[in-house]
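Trainee: Here's a structure for you.
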Amino acid sequence: MKMRYLRNTVSLSIDRESCIGCEMCIAVCPHDVFLMEAKKVTIIDRDACMECGACARNCPVDAIRVESGTGGVIPVLEEMMKKGKAD
Amino acid sequence: MTSAAGLPWVQRVKETPVGEVPIVRTRLELRDRLQNFLVRLGINRERYAVPPGLYGIGDPDADSPVLVTSNYKLTLDALRKELAAVTCWLLVLDTHGINVWCAAGKRTFSTTEIVGRLEATRLEALVRHRTLVLPQLGASGVAAHLVHKTTGFRVVYGPVRARDIPAFFHNKMKKDRDMRTVRFPLRDRLVLIPLELVLALLVLVAGFLLVAAADWILHGILDFGTAFRDFVPFLGAVLAGCVLVPVLLPLIPVRSFALKGLIVGILLAALIEWAYSPSLVDGIATTVLILSTSSLFALFFTGSTTFTSVSGVRREVRIAFPVLIPLLVASILVGLISKLVALHHIS
């Protein structure tokens, strides 16, 4: 069974204009979020994205944007405390 | 490389143009299995590393493929036990004893580390080809095109799971959908539970001592039987969050982990109310304690899953923490006060 986290929360986006169709994002995505459509990649399962950032890091033309990080309570609390200190 | 030669899981040492390379065994021994079992309980987990560098499997030569991995012993064991039929080189990166996926997230399994390790091992003098096979889950720390530009080595991302490697090579290094997809089956969830419990142990001990101390103060005698009875709702709530939620994960029909914990908590609270039939105030306090505790512990399990995004966890923490923490504290206080009042009525 494919598990998905919260609806419409993920920060993933693609610039279809710059996509060269190398399919690297498809090869590295652990949750089958992308699909080739007319020689360019498209997002077909956004809610399945866990924001690991593998696609963005391996895109040779920098066409993918995702705010990646570790999806756990402790890293999120640490990050919030750091932000709180900075303010 | 001589430091690795004496390790029990190294079979022999092979002379190569770049020096001696340890050849590792592909069968785990009792010692490996025992140590791996203890690591799952959190014992020696922080120091379970192997020396980084070059290793071999079988009798590799200049045309054998190169597989890149992390220097966590649990990872190396998971890899080598699947490679009995695969002759290859292993390039073990220094990820400070962390597994591939987490190390990629922490950027120790990285482009920089690969470039440095290639230089240190002089791999280019050992193999004729220019291809590195990386575990797919290393991709969040590595930019394949930058490795290629810097070193001349082409990066191919292999399957997610080590057990698919033989099929991957057999299939001319092509992956199907199954090989590149991460799932989170019951078996994978179960191995995580012992560590969740070990981490929760401190909270459980603190909770029990608090209950025992409260009973002692209220009744004037230290009775562990009564204390344990009063402790059961909290113990149950922790187990609901740490065990039941991971086990039932895909079956609980909501996506939010805080809500998953809440649903399991409601079932547990109903059971406890039925078994204990407490007074109204005590019953409400116990229910709120169970719901907030199981919800919090369920939320903490997001850190161990394979599919929760940081944006999602941020959203849950922002919504759930300001509600759950005050409720938890209030339920403990009300529970104590209701006991005090009940005692006052009796005397």
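The values are calculated or read from the model by the stated rules, or taken from the named source; none is laboratory data. For clarity, every value in this text was computed on a predicted model and none was experimentally measured. Quick reminder, even Gly has a Cβ in these numbers, built from the backbone with ideal geometry, and neighbours come from all protein chains shown. These accessible areas exclude ligands, DNA and RNA; they are computed on the full protein's heavy atoms, side chains included. Shrake-Rupley method; radii C 1.70, N 1.55, O 1.52, S 1.80 Å.
Trainee: Using the structure shown, decide if B:R47 is modelled with pLDDT under 90, surrounded by 15 or more Cβ atoms within 10 Å (Cβ to Cβ) and closer than 16 Å to B:D77 by Cα.
Mentor: On the way: modelled with pLDDT under 90: yes; surrounded by 15 or more Cβ atoms within 10 Å (Cβ to Cβ): no; closer than 16 Å to B:D77 by Cα: yes.
Against the criterion (modelled with pLDDT under 90, surrounded by 15 or more Cβ atoms within 10 Å (Cβ to Cβ) and closer than 16 Å to B:D77 by Cα), B:R47 does not qualify.
Trainee: Mind listing whichever residues of segment A:54-72 are surrounded by fewer than 23 Cβ atoms within 10 Å (Cβ to Cβ) and either at the interface with chain B (Cβ under 8 Å from one of its Cβ atoms) or under 16 Å from B:G303 (Cβ atoms) (or both)?
Mentor: A:P60, A:E67, A:S68, A:G69, A:T70, A:G72
Trainee: Also: Has segment B:25-33 got any residue that is part of a strand (DSSP E or B), in contact with a strand residue (DSSP E or B) (Cβ under 9 Å, 6 or more places away or on another chain) and surrounded by 12 or more Cβ atoms within 10 Å (Cβ to Cβ)? Write out each step before concluding.
Mentor: Our first condition is that a residue be part of a strand (DSSP E or B); within segment B:25-33, this holds for none.
Checked against the condition, which is being part of a strand (DSSP E or B), in contact with a strand residue (DSSP E or B) (Cβ under 9 Å, 6 or more places away or on another chain) and surrounded by 12 or more Cβ atoms within 10 Å (Cβ to Cβ), segment B:25-33 yields no hits at all.
Trainee: Residue check, A:S11 against (1) at the interface with chain B (Cβ under 7 Å from one of its Cβ atoms); (2) of a type outside the set (V, I, T); (3) not in a loop (DSSP other than H, G, I, E, B), all met but one. Which one?
Mentor: Evaluating A:S11 over (1) at the interface with chain B (Cβ under 7 Å from one of its Cβ atoms); (2) of a type outside the set (V, I, T); (3) not in a loop (DSSP other than H, G, I, E, B) leaves (3) as the failure.
Trainee: Next question. Take segment B:249-280 and flag every residue that is more than 14 Å from chain A (Cβ to nearest Cβ) and within 23 Å of B:R315 (Cα to Cα). Show your work before the answer.
Mentor: Here is the first cut: in segment B:249-280, the residues more than 14 Å from chain A (Cβ to nearest Cβ) are B:262-280.
If the condition is that a residue be more than 14 Å from chain A (Cβ to nearest Cβ) and within 23 Å of B:R315 (Cα to Cα), then B:L262, B:I263, B:V264, B:G265, B:I266 are the ones that fit.
Trainee: Here's another thing I want to ask about it. Just need a number here: residues in segment B:287-308 that are polar (S, T, N, Q), under 15 Å from the mean Cα position of the chain (by Cα) and surrounded by fewer than 24 Cβ atoms within 10 Å (Cβ to Cβ).
Mentor: Residues flagged as polar (S, T, N, Q), under 15 Å from the mean Cα position of the chain (by Cα) and surrounded by fewer than 24 Cβ atoms within 10 Å (Cβ to Cβ) within segment B:287-308 amount to 3.
Residue by residue, here is whether (1) within 27 Å of B:Y157 (Cα to Cα); (2) hydrophobic (A, V, I, L, M, F, W, C); (3) not assigned by TED's automatic domain parsing to the domain that holds B:E119 holds:
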| residue | (1), (2), (3) |
| --- | --- |
| B:Q35 | no, no, no |
| B:L54 | yes, yes, no |
| B:S64 | yes, no, no |
| B:V92 | yes, yes, no |
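Trainee: Tell me which helices (runs of 4 or more DSSP H) are completely within segment B:162-203 and hold 2 or more residues being out of contact with any Ser or Thr (no Cβ under 8 Å at 6 or more places or on another chain) and surrounded by 14 or more Cβ atoms within 10 Å (Cβ to Cβ), or say none if there are none.
Mentor: On the way: elements: B:165-170, B:177-180, B:186-190.
The qualifying helices (runs of 4 or more DSSP H) are B:165-170, B:177-180.
Trainee: Which ranges mark the strands (runs of 3 or more DSSP E) fully within segment B:70-161 that have 3 or more residues being open to solvent by 10 Å² or more (accessible area, probe 1.4 Å) and closer than 23 Å to A:P30 by Cα? Talk me through it step by step, then tell me what you get.
Mentor: Details: elements: B:88-92, B:131-134, B:154-157.
Qualifying strands (runs of 3 or more DSSP E): B:154-157.
Trainee: Is it the case that segment A:15-36 has a residue that's of a type in the set (A, V, I, L, M), open to solvent by 90 Å² or more (accessible area, probe 1.4 Å) and outside any helix (DSSP H, G or I)? Even if it seems obvious, please write down each step before you answer.
Mentor: Kept after step one, since they are of a type in the set (A, V, I, L, M), are these residues of segment A:15-36: A:20, A:24, A:26-28, A:33, A:35-36.
Subset that is open to solvent by 90 Å² or more (accessible area, probe 1.4 Å): A:20.
Right, trim to outside any helix (DSSP H, G or I) and you get A:20.
Checked segment A:15-36: at least one residue is of a type in the set (A, V, I, L, M), open to solvent by 90 Å² or more (accessible area, probe 1.4 Å) and outside any helix (DSSP H, G or I).
This table checks each residue for (1) closer than 27 Å to B:V191 by Cβ; (2) among the polar types (S, T, N, Q).
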site: B:F300; (1), (2): yes, no
site: B:R315; (1), (2): no, no
site: B:F321; (1), (2): no, no
site: B:P326; (1), (2): no, no
site: B:S331; (1), (2): no, yes
site: B:S338; (1), (2): no, yes
site: B:H344; (1), (2): no, no
